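Below is one structure; the comments refer to it alone.
Where a number appears in this text, it was derived from the coordinates with a stated rule and is not lab data. Bear in mind the structure is a predicted one, so any value in this text is a computation, not a measurement. Every residue, glycine as well, gets a Cβ built from its backbone with ideal geometry; the counts of neighbours run over all protein chains shown.
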Amino acid sequence: MTSGLTVDLGSRSYPIHFVGNAGVAVLALVQELTAQSRPVALLTDQGVLAAQRDLIERTLAGVPRLVVHAGETSKSLETYGRVLDFLASQKIPRKGVLLVLGGGVVGDLGGFAAASFLRGIEYVQIPTTLLAMVDSSVGGKTGLNLGAGKNLVGAFHHPQAVYVATDFLTTLPAREFAAGAAEVIKYGLLGDASLLAQLEKTPVTPRSAELPQVIRRCCEMKAAVVRADERETAAEGGRALLNLGHTFGHAIEQVTGYGHYLHGEAVGVGLAAAARLSQALGYLSAADVGRVDRVVAAHALPTRLREGLPLSALMAAMQQDKKVRAGQLRFVVLKRLGEAATQGNIDASLVETVWRELGAA
Ligand code: GLY
């Protein structure tokens, strides 16, 4: 992987660089910013620090850093306050740049801090997880969770650049890699039947030869969706399609407490749920649902709830979802494998049946 992609948004366009070696690319970036007299700060988490100590403590030795706890609980108002205090204590000016090195949690947290500190500074996404490479680092969604729901605070604030270095994935814990695979499968299901077929034939692994091309394909799809519907305002379809499986997944995360399921694990169950809902609506066959279950399971992801979560709590959590419009449940459904659509006014009893099939009590 050498050549890059552009997220084409007029004056807010930015590149996704596919680089072979993270250290070389990040060092060159810091040197370039320093030569422009632009102060740089780094946000990362303890898991990334442990896995990338050489990069952080040697290559980026001169860059002030804040290391937060790894995991979804860091997408909190409290940790956000720590990031702002850190940027203030380092006297980062408006022309400063925050390097955000980590997965989706650190990316969302750092992006929101960059969106709001001094009313907005620039930031660069350096994703270290598969999930962040194919989804959360691209598109400018930033945010935090509240007790009342996931991502209820946030801003659209695009990075200046994204650096995708697949060498990070060789040290990623297997569970984290699997969680990212849920988003990869999502792209196949919602818009690329040949990608889906490839994943069914050969599940991706951290060292698979196909992985760079698969990541690039996902980034291409994400860039195209974001270009067409940057702020998710399309009445139908558009960026909301990227939430395939997520209304179910977010409910699982909320009911179990953030962090019990990794986001991608909840999305894995959510994809199985979305397939069943699509079957109940007459779009998919039982064989299609079986294919969805098998490709999710082949990537070491759950297709059912691990424990019997209360149906009433799951349904209540769905009402908090940002996709709920005028109290109506609204979902991304599969018209067929490889084509998704948004659909409102879905009967709650269909959704309850799906939850029960997946083990809700
Ligand atoms: N992860 C969904 C989006 O970026 O819109």
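Segment Leu9..Gln36, full-extension length gain: 7.3 nm, with 0.36 nm per residue of separation and the alpha-carbon distance subtracted.
Compared with the dominant Cα axis of the chain, that is its longest principal axis, helix 263-280 is turned about 30°. Report the paramagnetic label zone for Asn21: residues of region 164-183 whose backbone N is under 19 Å from a point 7 Å from Cα along the Cα-to-Cβ axis. The answer is 164-171. Taking max minus min of the alpha-carbon positions on each principal axis, region 1-61 gives extents of 37, 30, 19 Å, largest first.
Between the C-alpha center of region 331-352 and that of region 234-266 there is a gap of 14 Å. Given only helices, namely DSSP H runs of n ≥ 4 each adding -39500 (n - 2.57), what is the per-residue ellipticity at 222 nm of the chain, to the nearest 500 deg cm²/dmol? Calculated mean residue ellipticity at 222 nm is -13500 deg cm²/dmol. Between the helical axis of 246-256 and the longest alpha-carbon principal axis of the chain there is an angle of about 80 degrees. A Förster radius of 22 Å combined with the Cβ-Cβ distance from Ser208 to Ala174 puts the calculated FRET efficiency at roughly 0.95. For region 82-228, what value does the Rg/Rh ratio take when both radii are computed over Cα atoms and Rh is the Kirkwood radius, given to two decimals? Checking Rg against Rh, the ratio lands at 1.01. Here the chain carries DSSP beta bridges of which approximately 40% are antiparallel, counting only pairs with both residues inside. Using a Cα distance threshold of under 19 Å, what count of lysine pairs results for the chain when pairs must be 8 or more residues apart or interchain? Lysine pair count for the chain: 16.
Hydrodynamic radius of region 239-314 by the Kirkwood approach over all distinct alpha-carbon pairs: 12.6 Å. Given their separation in residues at 0.36 nm each and the Cα-Cα distance between them, Arg94 and Ala300 gain 69.8 nm when the chain is fully extended. Length, then width, then depth: along the principal axes, the Cα atoms of the chain run 59, 41, 38 Å. Of the residues Lys141, Lys335, Lys201, which exhibits the maximal mean-square fluctuation in a Gaussian network model of the chain defined by a 10 Å Cα contact cut-off? Greatest mean-square fluctuation among the candidates belongs to Lys201.
For Arg227 and Leu152, calculate 0.36 nm times their separation in residues minus their Cα-Cα distance, and state this gained length in nm to one decimal. Don't skip to the end; give the middle numbers.
Details: separation 75, 0.36 × 75 = 27.00 nm, distance 2.30 nm.
Computed gain between Arg227 and Leu152 is 24.7 nm.
When ranked by the protection proxy of mean other Cβ atoms within 10 Å per residue, highest first, what sequence do the peptides 25-36, 164-175, 42-53 form? Present the calculation step by step, with values, prior to reporting the outcome.
On the way: 25-36: 15.1, 164-175: 17.3, 42-53: 19.6.
In decreasing order of mean packing, 25-36, 164-175, 42-53 become 42-53, 164-175, 25-36.
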